[in-house]
Amino acid sequence: MGEIINYWTFIYGPLAIFLVGVYGLLTQKNLFKLVISINIMDLGVNLYIIALGYMDNASAPIYTAKLAVTSSRFVDPVPQALVLTSIVISVAVTAFVLALVIKNYEKYNTLDLIKIKGIEND
Amino acid sequence: MINEPVLLIVIPLFAGFLIPIIYLISKKAIKYIPIIAVFYNLFVLIRLIQINSTSLSYFTTGGYKVPFGINLIFNSQIGIILFAINLLALIALIFFLKKEFHLVNSFAYTLGFIIAISAVNGMVLTGDLFNLFVFMELAAIAGYIIATHKRGYYPSFLYVIISTFGSLLFLLGTITIYNVSGTLNMASVSENLVDVSPHFIVVLSVMFIVALSSESELLPLNAWVPKVYEKTSITGSIFFGSVLSTAALFAVIKVLVLVFKGGYEYLFNSLTIIGLATLLIGEFVAFKQRNVRKIVAYSSIAQAGLIISAVSVSLKNGTITDSIFNAAMFQLLNNIFAKGLILLGVGLLGYYSFEKLKGIAGKKKFASILITIGVLSIIGMPPFAGFWSKFFLIKSLIANKMIIFVAIFLASAIFEVYYYLRFIQNMYYEEFDSKIKINQISAVSYFLMISLSFMIIYIGFNPSSVMKTISDIFTGGII
Amino acid sequence: MTISYLIITAGIMSAIIYLVSKFNWKAGTILQTLTFLIIGYFLYHNGDYSSSQLAIFNNISLNFTYSYFNEIFLYLGISVMIIVSLFSIDGIKNYQYKPVYNFLTTLIFMSILGVFGAADFITLFIFWELMTWVSFFLISMGKKYSKKAALLFLFMSMIAAYLMITGIFLIDNAVGGITFSNLINNYGSISYSLKFKILMLFVLAGLIKGGVYPLHIWMRTSYSESPDSFTSILSGILMKFGFYLIYLIGLFFPVAFILKNNPSKLISELPSSTFFAYLAGISIIIGTIAAILQNDAKKLIAFSSVSHAGYILLAFTYGTSMAFAGGVTHILVHALTALGMFLSIGAVYFRTGTTKIDELGGLIKNMPLTFTTYLVSIISLAGIPPLFGFVSKWMIYQSLIINGSYFLAFAAFFGSIGSFMYVFRPLAGVFLGQRPKKFENVKEVPFFMKAGMLIVTILTVLFGVLPGLVLKPIISMQQSIGIEPIKASLYRLFSGLTTLDMLVVFTVFGAGFILALIIFLLFAKPTRVKQHEQYTAGEIVPELQTQPSIYHYAKNYYKPFSRIFDKFPSMEKLYKKGAEYLSSSFGVIEEFFYEESINGYIWLISITFLVIIAIRWF
Amino acid sequence: MILNIIFRGLILIFGAFLFQVALSGFSRKVVARIQKRYGPVFWQNFRDIFKFLFKETSISHGFIFDFGVLMAFGGTMATLIFLPYGSFEVIPGQTNFIVVIYLLAIGLLGMAMSAVGSANPNASIGISRALTQMLGYELPFLIVVLVMMYINKTSSIGGLVQSQIQNGWNLWSMPIGAGVSFVSVMGMLGKKPFDSPIAPAEIASGPLVEYSGKYLGILMLQHDFATVIEVGLFVNLFLGGGSNILIFAIKYIVVYILMVIISSFLPRFKVEESVKFFWKWGLSLAFLQAVISLGIYLI
């Protein structure tokens, strides 16, 4: 499959997005920003998944009468199926973690990681 | 129908869907659903262990043939481990419903728990990489919920971030594997990986190592473990300590055995080193602790490191070195019971810091003796179960000339013995502080503890019965 | 009754004894004594050598044997346990956890039977481990700092146990089995380097357990802090496990085949034996000096054990048939004398509540039997004829002289003469000298404690006069493994150099004493006066009333001597510093790996990730 | 046979008593001459001992006080039996060196017990010094004797005497060792400069402080017997014993008087000084002798 993919667009792009998310995790001290970083990473991974399934000039993997005549290639259907699951999971996690951020704020009255850690260790 | 392992996943899931409906009818009645479901699971498991041999069987779902659809892997040995996990889950559940149910948002936690059981069973059973990712996420989400049991919001947040980071890496790796091998089925992947560039495999395997280390408590991603253990409820600690960590470890081992078995020496060498580092650092840090739960947490980390490194050593040569692998699995099995027993017992006493546990054995003799049995088993003293797993592990490692490994293992074991027995000593021989309120322990709780210690003593006096069933795990029918 | 049945009996009885003790601790202890007696009787009654198996495990069976090489140790273990148990009938009165104590000591008895009765290394290891954790609980029951002592004991014991298990599995790999007989039969097939490794592992394990310098660090605190009657077991038997291991490995490992070629050296095939012999010498010297400088009677005896551990090791590594027999005899000697010393010091503690030498004094008037036990034990320990201790020392000296090893002989002499100094210290400080006011009404210990001590005393004298009683099984052991046996009859010993006749020595000494008594009685009867009537010349010194201890020269008894060693470094302090350093570095590790913020963790993960890739890439 | 042995034993003890007490009386005379005094008559020591023994009153501090003295006296007399004196042996073949050395310790132990039993701190100090000093002087002596026994392949004193009849005196074959042993024996005897245990001026005669009457008499006897053993050991080990008891006695007198003369010139060591002295000089010279002798022997 290698020759079909435009690496710069489809592989390194999503990975760059992923790394942006990692950068966020490395540097941010705010809980919300951490959640957003996670979400960016999610986005990167999801894009990557879709990108791997993509092919130039291919049609959707659905057998129709017309298709049987014109096209020889399908887009890989599996990543598309997977990405749905992945998105659902990331939505669920995001929802949960946001609730957790609220709870954290209620408990510690701050969203700063360092301060929370300080309170926690006391 | 009863012979399908998929029931183990479906039944708790179904029970999970039932709970909201029942909840509308009666708020108390939801208590009984998870217990019935797990009991049913155990029943199914006994049947499955009886009819399945030691060879590996694949159970397809939805009618798709093996490389394409999702499939489950099962044999009687996996059955044994699953049985132990479900038994501990049952114990945690019974305890939860009896003691902690009324303290929390019962609906959410009951639901979370039963989903977690389903996910954990799925993690152990599934033979599909992406499916494993889903179950891991499911188990993790349930885990996040359980981690907040006692308002431990910050540890839970920490857990979420680290675990999500790990699972995203896992997903990345899975998809890449799919890209290069064209399949997600673990057994088939390993065949198709043969002609992939070695550099690529390195990146891939490292991705897997780091990703899997979050749930399996390995070094770079295990920072959440002590914090979560410390802040969660008794149920939660048993869930994390005996149920989730075991299942995650088992899932990791499964991935290693099925996907990477084709002699990726570098992967296994790195894993051995990481595992041993985890072991040593875990024991060293545990050595400093004066809080039982933290001790168990760090020692659990260390045990995970030990098991992973033993497994990776056994896989290094491209085939499974049976003796080491089996000993590691035996160790895994023993840890389930012993850790469960300690966490339950200490939870029942109600205090975790050494200060407050001083001399409590004078007041709670029987419970303390049961805890002592757990501790003696975990540190490997005869005549308890842990002795034999340690014994077989050392034996097999020396038989394979891994003296340095043995030396590190034994050095860390000395520390382990030291700090665990310091805890026991603190319980028995210190002056009891009369200001401390003693918790009542109900008959049901005693029953749970006695059943666990019975398992430990039974295995201790009859190790070969378990060893026999544990042996040949995975070796039967790998393609 | 084979040993396996005896072990099962002991196991079952431990539970029964526990239950009975809960009901009435004295009855429980009496039951314990009876159990030990009966088990000992059954072992004696079926006097034939036998082996047996215990197969509660499906395919791992425990093998036991009662044979030429272990019978003497079995009897030693059983008799020490009987004596201590007898002593305990009254002696554990002040203990806090009496039923548990009885339960655990019965388990110790079981593990003693198991270790000494084992016919394979795994069985030995299992019971060894059992002993370790049971002893841990027993030591923890003791005095104020006993918890720390127990942990140190545990730490060192675990190191020993793990060294041993590594050695066991190496043997298993090399010869395909862990039974002793298998080892003897296949010994020749092991390569030299492997032999060396195995020997080192076993001997190191033995040295830790036996308390040889510099691995003795657990002994001082474990001995001084553990409950008194358990200290007797600890030094009487459990410490001997280490030497039993060395003995076994010396017996089965190189010996069975080497001996026929080279009867004069047991472990001579390996270069290590010289090293260990010198280590033993150093152990003797340092143990002696340290013992001289102690102020606590139990610590003093602990260090004397270090020194005597050196003697035993010296005898075993030295290698002649005479030294080997001397080593085994010295194990018995030290078991008996340490038992006597610890029991008598325990008796003192029982009545006075302290073992600090300078706090006690003049107890001979109150506790004459205790004093006698102590006196006989120390005379034996110092190796003064005609008591038992002289026999083994004489045997060791003879072999040293025959081979002209003058450094080792120097060490042995040093230990022996130094032992006069340290054994006299408690004698003077505890039993003689000024008696503090508060101890004026101290009574002699109750009947059963007296009985226990009396037995030790009688045995020490008896074996001293008739050493053939214990030498006979040693000789038959030596014959069985094919070493040239030492020559000895009931009371005569022959070395190549000279003859020792213990009966003559005893008779002459007795005659001398009687003659002295006659001369003494010939002259006028003396006037008896109170202790401080003479040297203050009738004056009442005011300090004598308020501060009698200043007239009781017990503190810093060997001050001039200790001044010589002021500047010497202490091994224990070195260990302690190392441990502190380690402990603080653990804290740093925790900070680094587990106390970061989330960002820190992610950094850690990323770096790990990159490092693993980088190593492979470049 | 047994009666014979008993008879000979009694003769030995009585003879040793007469001989040594007279000799020590004579040595007082020698010391007095060195110090330009007249000194007492040579039978003065008999007078002293009998005076003490027959005293009407003597003070006892209880059982151990008596028992210790008996143990010391009895033990020393028993040790006397195990030494050969020229051709005279009480029990033939029973001259085991190690037995002698250890039995001799019984005398010290008994006296120590008795003295400390009196509860006088001066006595305790004296005993602690004596025991400490013992660790000094015994070691070099034993090393030298060990080498001797190794070379001659016997550890009985009688055997060593026999070997010297064939090979000449050990004094000539082991001169350094003989010198070391000579000083060691002086330490054993508590002669100056090694008399800190009984230093009369500072601790009032140390162990002896509480004794009076027959106790003191018996202890003086005990000391004389111990002197016989110690000097006798030296004579046997280094000067070839004697072919008959008379030659033995002459050698003995020479050694003893030599010791007395030397010690009368010397001041007193502190106890740790004397231990250090024995360890520093005694041990190193003893080891030197060992190396030399073993070297010669092996070549």
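Brief remarks on what is shown
- Where helices (runs of 4 or more DSSP H) fall wholly inside the stretch B:242-326, the ranges with 2 or more residues that are of a type in the set (A, V, I, L, M) and surrounded by fewer than 23 Cβ atoms within 10 Å (Cβ to Cβ) are B:245-258, B:265-288.
- Residue in the stretch D:76-93 that is surrounded by the most Cβ atoms within 10 Å (Cβ to Cβ), counting only those that are facing chain C (nearest Cβ under 8 Å) and small (Gly, Ala, Ser): D:78
Conditions tested, residue by residue: (1) polar (S, T, N, Q); (2) in contact with a Phe, Trp or Tyr (Cβ under 7 Å, 6 or more places away or on another chain); (3) more than 20 Å from residue C:424 (Cβ to Cβ).
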site: D:79; (1), (2), (3): yes, no, no
site: D:89; (1), (2), (3): no, no, yes
site: D:93; (1), (2), (3): no, no, yes
site: D:98; (1), (2), (3): no, yes, yes
site: D:104; (1), (2), (3): no, no, no
site: D:114; (1), (2), (3): yes, yes, no
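- Residues located in the stretch B:149-181, provided they are under 20 Å from the mean Cα position of the chain (by Cα), free of Cβ contacts under 8 Å to residues at least 60 places away in the same chain and facing another protein chain (nearest Cβ under 7 Å): B:160, B:164
- Meets criteria (closer than 30 Å to residue C:402 by Cβ, in contact (Cβ under 8 Å) with a residue 24 or more places away in the chain and either surrounded by fewer than 24 Cβ atoms within 10 Å (Cβ to Cβ) or touching a helix residue (DSSP H, G or I) at 6+ places or on another chain (Cβ under 7 Å) (or both)) for residue C:331: yes
- For the stretch C:125-143, the set of residues classified as assigned to a helix (DSSP H, G or I), touching a residue at least 60 places away in the same chain (Cβ under 8 Å) and among the hydrophobic types (A, V, I, L, M, F, W, C) consists of C:126, C:128, C:131, C:138, C:139, listed by residue number.
- Annotation for the stretch C:566-574: no member residue is part of a helix (DSSP H, G or I) and facing chain B (nearest Cβ under 8 Å).
- So residue D:128, is it without any contact (Cβ under 8 Å) to a residue 40 or more places away in the chain and of a type in the set (Ser, Thr, Tyr): yes
- Only listed residue being within 24 Å of residue B:347 (Cβ to Cβ) and either surrounded by fewer than 23 Cβ atoms within 10 Å (Cβ to Cβ) or touching a residue at least 12 places away in the same chain (Cβ under 8 Å) (or both), chosen from B:379, B:404: B:379
- Residue in the stretch C:208-217 that is modelled with pLDDT under 85, among the hydroxyl-bearing types (Ser, Thr, Tyr) and buried (at least 24 other Cβ atoms within 10 Å of the Cβ) present: yes
- The residues listed here are C:434, C:479, C:398; of these, the one that is under 27 Å from residue D:150 (Cβ atoms) and either over 19 Å from the mean Cα position of the chain (by Cα) or surrounded by fewer than 21 Cβ atoms within 10 Å (Cβ to Cβ) (or both) is C:398.
- Residue within the stretch D:163-173 that is within 10 Å of chain C (Cβ to nearest Cβ), buried (at least 20 other Cβ atoms within 10 Å of the Cβ) and on the phi < 0 side of the Ramachandran plot present: no
- Tabulated pairs, the stretch B:95-115, first surrounded by fewer than 20 Cβ atoms within 10 Å (Cβ to Cβ), second of a type in the set (Ser, Thr, Tyr) and not in a loop (DSSP other than H, G, I, E, B), C-beta under 6 angstrom, 6+ apart or interchain: B:100/B:235; B:107/B:23
Each row is one residue, and each column tells you yes or no for (1) among the aliphatic types (A, V, I, L, M); (2) over 24 Å from the mean Cα position of the chain (by Cα).
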| site | (1), (2) |
| --- | --- |
| C:349 | no, no |
| C:361 | no, yes |
| C:405 | no, yes |
| C:423 | yes, no |
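- Residue identified as closer than 30 Å to residue C:565 by Cα, crowded, with 18+ Cβ neighbours inside 10 Å and out of contact with any strand residue (DSSP E or B) (no Cβ under 7 Å at 6 or more places or on another chain) among D:238, D:234, D:278: D:278
- Residue within the stretch C:521-537 that is closer than 22 Å to residue C:372 by Cβ, surrounded by fewer than 16 Cβ atoms within 10 Å (Cβ to Cβ) and either modelled with pLDDT of 75 or more or charged (D, E, K, R) (or both) present: yes
- Only a single criterion out of (1) among the small types (Gly, Ala, Ser); (2) more than 7 Å from chain C (Cβ to nearest Cβ); (3) under 14 Å from residue D:233 (Cβ atoms) is not satisfied by residue D:130, namely (3).
- Where helices (runs of 4 or more DSSP H) sit wholly within the stretch D:199-299, those with at least 3 residues that are within 20 Å of residue D:31 (Cα to Cα) and of a type in the set (A, V, I, L, M) occupy D:213-238, D:245-265.
- Considering residues of the stretch B:440-464 that are surrounded by fewer than 16 Cβ atoms within 10 Å (Cβ to Cβ) and more than 16 Å from residue B:338 (Cα to Cα) only, the residue farthest from the chain's Cα centre (by Cα): B:440
To keep it simple, each residue is scored yes or no on (1) within 7 Å of chain D (Cβ to nearest Cβ); (2) among the small types (Gly, Ala, Ser).
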residue: C:396; (1), (2): no, no
residue: C:404; (1), (2): yes, yes
residue: C:419; (1), (2): no, yes
residue: C:425; (1), (2): no, no
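- All conditions but one from (1) over 18 Å from residue D:116 (Cα atoms); (2) modelled with pLDDT under 80 apply to residue C:436; the one that does not is (1).
- Of the helices (runs of 4 or more DSSP H) lying entirely inside the stretch C:294-381, those carrying at least 1 residues that are within 14 Å of chain D (Cβ to nearest Cβ) and polar (S, T, N, Q) are C:297-318, C:368-381.
- Helices (runs of 4 or more DSSP H) lying entirely in the stretch C:1-104 (those with 3 or more residues that are surrounded by fewer than 20 Cβ atoms within 10 Å (Cβ to Cβ) and out of contact with any His (no Cβ under 7 Å at 6 or more places or on another chain)): C:3-23, C:25-45
- Flag for residue D:196 being within 12 Å of chain C (Cβ to nearest Cβ), under 20 Å from residue D:280 (Cα atoms) and of a type in the set (Ser, Thr, Tyr): yes
The values are calculated or read from the model by the stated rules, or taken from the named source; none is laboratory data. Keep in mind the model is a prediction, meaning the values are calculated, not measured. Cβ atoms come from the backbone with ideal geometry, glycine included; neighbour counts cover every protein chain shown.
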